[in-house]
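Heads up: the structure comes next, in structure tokens.
The values are calculated or read from the model by the stated rules, or taken from the named source; none is laboratory data. Keep in mind that this is a model prediction, so the values were computed, not measured. Because the Cβ atoms are built from the backbone with ideal geometry, glycine has one as well, and the counts that use them run over all protein chains shown. Side chains included, ligands, DNA and RNA excluded: accessible areas come from the protein's heavy atoms. Shrake-Rupley method; radii C 1.70, N 1.55, O 1.52, S 1.80 Å.
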Amino acid sequence: MSGADNGAPLRVEGLSLLTSRDILLDRLSFSVEPGEALALLGGAGAGKTLLLRALAGLSPKGVTVLGDIHIRGRRLLVTQDGALDPLRTLGAQFTELLARQSGMDERTALRRAAEALERFQVPAAARRLALHPHELGEAMRWRAALALAMAAEPALLLADAPAAALDPTQRVRLLSDLAAWTREAGTALLLAGRLQPDPVQAGLADRRLVLAQGRLGEPEAKPAPAPPPVEPAPSGPPILSVRDLRVAFPLGRSWRGEERWLTVVDGLSIALAEGETLALLGETGSGKSVLARAILRLVPPVGGQVSWLGTDLAAAPPEAMRRARRDLQILFPDPLAAFDPLMSIGAQLAETLESLQPPRSAADRAVRLAEALEEVGLPAAVLDLHPGSLRPAEAARAGLARALLPEPRLLVCDEPAATLDGVERADFLALLRAIRRRRRLALLYATQDAAEGLRVARRALVLLLGRIVESADSAVLAAGARHPYSRALIAAAGLARPALHGDPPSPLRPPTGCALRLRCPLAHDGCAQVPPTLDPVAPGHRVACHVAQDGPPDGAQNGQTTP
Ligand code: SF4
């Protein structure tokens, strides 16, 4: 199955994987040259992981492998969990691997290990070698896993969706460091995963393959990404008004007996008019999801006020509260988790209908449920299915159908397309936009994908550690955000390397002054002394940054900030 070849570290000819009932991979042929980065794209279930495991010689039991896999030199597979041995220090794992593969002595191996970590921007690399994987944050663990793989100098690196769960800002930096190193070292890289928009255009890969249902095909015919919505600014009084909202979680008492709190939303104020759309952008820990949930009182605030149609929800009489519960609906990141696995979709949607006033007859309910599914592009047969038998795209649409049943006026979306990829994701967002326009729904859209948020909403807020650092029309941010953090988010969403250093600070120990200053390429001494306030820089555009308030940073494009 494997053997020497004409110089390509990987050449695959007519590779098929079969079970007694299915063709899992169907006659795949391709090669990867030394120093070439080949992106392997495809939706969930396309067969990417299966292919990488087959190339690593790890096909599952009961699977027949046909065709030829020619591998020249050492191959290494980095699995989706970036597996490191949890019981051994990083140093021990590096020295063992390098001794086994290259006969390296311990001292040389540790030096090589520190150099490898530095290639992935790990600060104080030599000291980290004494740590166990569980003592590292998620981003650091991924850097260590990829550094370990590259230190072994493989001829072929098979990377299965590395760092998929990291924020785009960290993930894109990691992948661009990896691609730079494999090119320099002459390692052939087969990089599978969700890489959008185009990894070749972004410079992360030299070529791409698209796998769909076990076959290699043409690149997906994606609808062109929609530009930021150009809609007239909504007029009229706000229907939702959030004033100085604070959400904090108790952390127990310090050794001095003082109460400690983790502040997640720190005095945020927003207002939303009828039919208005607002994106909440930020990395994990920015507070966007907690803010979205606190508005619906799914998370209790510790301060501030949320008013719906002029009524403070904390003190609303029962009738106003019932109305608000109907008017405000939410879409969660994992739609399946929001359904009861033991009940059919139809039964759960009917339950939602039954809870609404006025009550409907059974026949009327059946018609309404069929209409609800039709509106989201699902056949009525889905009503008879249980959540577990839905594909992710169907589950997202079923969740949307349920949220629309009460005829809400505001839809709060918390990463509603998180489980979707490629065409399915684009289709779902197009559907959401169309329904929103048709129903004149107000929309609050929380996402870590800045490009997506800017396409969905007319206006956007960028959040960092629970505070707004920039707010403007989406078109203004897309054309040239001012805050270094906003620029980094937008750059990473386009797979361009963001101009930020290091990892996000712990919300338990935020830096003094500006919360971005330890990662910011424009930081100066004053940034450590005085926290910037959110001030207007143009009509409708506010920024919290000492430098950006004086004018757009050098470097015209988002993310390409000149220090
Ligand atoms: S205030 Fe300073 S550290 Fe903060 S974003 Fe602006 S330049 Fe960077």
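Observations on the structure shown:
- Taking Lys and Arg as +1 and Asp and Glu as -1, the other residues whose beta-carbon sits under 11 Å from that of Q80 total 0.
- Computed over protein heavy atoms with a 1.4 angstrom probe, the accessible surface ordering of T169, T108, largest first, is T108, T169.
- Amide H contacts of A496 (H built 1.01 Å from N, in plane; Pro and chain starts excluded): no residue 5 or more places away or on another chain comes under 5 Å.
- Solvent-accessible area of K288 with every protein chain in place, 1.4 Å probe, in Å² to the nearest 10: 10 Å²
- Dipole size of the chain about its Cα centre, with +1 on Lys/Arg Cβ and -1 on Asp/Glu Cβ: approximately 460 debye, rounded to the nearest 20.
- For M321, solvent-accessible area (1.4 Å; no DNA, RNA or ligand), Å²: 40 Å²
- Relative contact order, percent, the range 10-217 [alpha-carbon distance under 8 Å, six or more residues apart]: 35 percent
- Only the Cβ atoms of Lys and Arg (+1) and of Asp and Glu (-1) were treated as charged; on that basis the dipole of the range 304-356 about its Cα centre amounts to roughly 160 debye.
- Loop sites in the range 356-421: GluC sites (Glu not before Pro), DSSP, at most 11 other Cβ within 10 Å: none
- Expected 222 nm ellipticity per residue - DSSP helices of 4 or more, -39500 (n - 2.57), all of the chain, to 500: -9500 deg cm²/dmol
- Separation between Cα centres of the range 460-488 and the range 369-406, rounded to whole Å: 34 Å
- Given charges at Cβ of Lys, Arg, Asp, Glu: the chain dipole, positive-most of A161, L24, G35: A161
- Sorting D81, D340 by accessible area puts them as D81, D340; the probe is 1.4 Å, largest comes first, and only protein heavy atoms count.
- D by Stokes-Einstein for the chain, Kirkwood Rh over Cα pairs, 25 °C, 0.890 mPa s: 95 µm²/s.
- Relative contact order of the chain, pairs being alpha-carbon contacts under 8 Å that are 6 or more residues apart, as %: 14 percent
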